[in-house]
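Written below as structure tokens is the structure these notes are about.
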Amino acid sequence: MVTVGGVQYDVTTFTGTYNANTSKFALPTNGGVMPWWGSQTLTDSFVQAVGTSFGVQNSGANTGPFFAYLYSSPNVQARAYSYNTSQVASITQVNTNSRVYAQAATLETPVPAPLPLLGAALPLSFCRRLRRRSKRLRHGASSRLA
């Protein structure tokens with residue numbers, strides 16, 4: 001479990017190639033399991049949040065799991081925690097190499113868009129009621145004066 005950008009994620013791993021798992025290499029909104037996909041900066045945030053939690057997952061590279069963020073045929077670009085340098089490292093993998101990749105699922109349900117609108121409707125409704133009440137009071141006062 002890690003928190004990145006104020007959202008809590010359950011980070012796990014899977015072993016495989018890009019070619020055999022292409023649907024995973026995308027944003028969750030596109031059916032993928034990599035919320036960092038397309039952003040090296042966000043990828044680095046996940047790598048740093050996970051740190052050494054998984055230990056060495058890709059022994060040939062002496063790194064934790066690969067956090068893939070970009071595909072440019074035939075290579076997958078990823079970032080990972082390097083045990084050699086104790087830093088985030090850049091990784092380039094051929095799409096047919098089997099490696100351990102990170103994936104994540106959010107633990108928080110995002111607030112649906114209509115809820116903020118409903119929250120804004122309450123003060124507007126209250127203002128309308130005040131306006132009507134004010135009109136009635138003014139109208140009643142002018143009819144009593146006549």
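The values are calculated or read from the model by the stated rules, or taken from the named source; none is laboratory data. Values in this document were obtained by computation on a predicted structure and should not be read as measured data. So basically every Cβ, Gly included, is an ideal-geometry build from the backbone, and we count neighbours across all protein chains shown. Only protein heavy atoms, including side chains, enter the accessible area calculation; ligands, DNA and RNA are left aside. Shrake-Rupley method; radii C 1.70, N 1.55, O 1.52, S 1.80 Å.
Accessible surface comparison of R136, R129, probe 1.4 Å, protein chains only, largest first: the order is R136, R129.
At the residue level, D44 shows approximately 30 square angstrom of accessible surface with a 1.4 angstrom probe and all protein chains present. Within the assembled protein chains, the solvent-accessible surface assigned to R133 is about 140 Å², based on a 1.4 Å probe. Using the Cβ of Q103 as centre and a radius below 10 Å, the other residues enclosed give a net charge of 0, where K and R count +1 and D and E count -1.
When you count the other C-beta atoms within 10 angstrom of each residue and take the mean per peptide, 15-24, 30-39 line up highest first as 30-39, 15-24. Taking a sphere under 14 Å around the Cβ of A78 and counting the other residues whose Cβ falls inside, with K and R at +1 and D and E at -1, yields a net charge of +2.
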